[in-house]
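Inspection log for the structure reproduced underneath, given as structure tokens.
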Amino acid sequence: MPRRAAAICGLLTPVTFLAGLLFGDLAQPDAFSPANDDISYLGAQTADQAWIYNQIAANLNGLLIVAFAWGLWRALGSGWLARLGVLGLAVLGVTRFLEGFLRLDCRSMDAGCENASWQADAHRIESGIASALFFLVPPVLAFAFRRLPEWRDLWLPTLLTVPVVVAVSVLFSGIGNGAAVRAASITWFLWLGLLAWRLMRLPDGRTVRPAGEAVD
């Protein structure tokens with residue numbers, strides 16, 4: 001995949017996530033509260049217009065993350081930290097894609113909601129993996145960027161991504177748990193968009209090498 005195409009995919013990840021989230025919230029009835037209800041309820045079997053979240057913020061978003069990860073894989077070189085971070089990002093993209101199919105049975109607002117099916121159980125497993133990678137990928141990539149001249153200026157902002165996400169979550173938790181998760185997720189995807197913008201600015205066909213490594 002050409003580097004520019006991968007970068008465009010990366011730039012579209014925050015757009016698709018935010019669009020699926022916003023329009024998914026708007027499609028729900030008045031009893032649904034974005035401030036308090038979890039994001040996963042937007043794609044539940046009983047959700048109104050569940051396709052908005054499932055196909056845009058999950059399926060499409062996941063595919064875009066995987067495509068962007070492929071571009072980073074080629075751009076960052078063979079350092080083990082870079083490989084590990086990009087691989088984690090790709091796995092995260094897969095979990096985002098699967099979320100569009102592994103749906104909850106119902107929303108908390110639905111009478112008698114239990115979420116006891118195999119799909120709901122699989123959703124919880126997938127969400128747990130995705131949550132762990134949300135926190136693990138940025139610091140791993142941060143230390144990889146520190147060794148790469150063309151990415152070094154992003155190593156500190158990337159390292160601070162997780163603390164900023166946590167701080168945003170705490171700040172919005174005063175509104176509600178749903179608002180906290182939404183604000184934290186949007187902040188994380190904005191960071192991903194920043195990486196995509198840097199990838200876009202790199203010359204095509206050029207692989208970044210760690211400082212001090214000889215060029216063939």
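The values are calculated or read from the model by the stated rules, or taken from the named source; none is laboratory data. Since this is a predicted model, take the numbers as computed values, not measurements. Glycine also receives a Cβ, built like all others from the backbone with ideal geometry; neighbour counts cover every protein chain displayed. When the accessible area is computed, the model is the full protein with side chains, heavy atoms only, and any ligands, DNA or RNA have been set aside. Shrake-Rupley method; radii C 1.70, N 1.55, O 1.52, S 1.80 Å.
Below is a table of values for the structure above.
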quantity	calculated
Residue list for region 71-88, restricted to those being in contact (Cβ under 8 Å) with a residue 60 or more places away in the chain, open to solvent by less than 10 Å² (accessible area, probe 1.4 Å) and assigned to a helix (DSSP H, G or I)	71, 72, 75, 82
Residue in region 1-37 that is most open to solvent (accessible area, probe 1.4 Å), counting only those that are acidic (Asp, Glu) and out of contact with any helix residue (DSSP H, G or I) (no Cβ under 6 Å at 6 or more places or on another chain)	30
Subset of region 111-131 [farther than 26 Å from residue 66 by Cα and surrounded by fewer than 17 Cβ atoms within 10 Å (Cβ to Cβ)]	111, 112, 113, 114, 116, 117
Selection from region 38-65 of residues that are in a helix (DSSP H, G or I) and surrounded by fewer than 20 Cβ atoms within 10 Å (Cβ to Cβ)	51, 55, 63
Restricting region 167-216 to residues that are open to solvent by 90 Å² or more (accessible area, probe 1.4 Å) and modelled with pLDDT of 95 or more, the residue that is farthest from residue 26 (Cα to Cα)	197
Candidates 134, 97, 68, 101, filtered to the one that is at negative phi, open to solvent by 70 Å² or more (accessible area, probe 1.4 Å) and not basic (Lys, Arg)	101
Neighbours by Cβ (under 6 Å, 6+ apart or cross-chain): first from region 149-177, within 22 Å of residue 38 (Cβ to Cβ); second part of a helix (DSSP H, G or I) and of a type in the set (Val, Ile, Thr)	165/187; 168/187
Residue check for residue 35: among the aliphatic types (A, V, I, L, M) and in a loop (DSSP other than H, G, I, E, B)	yes
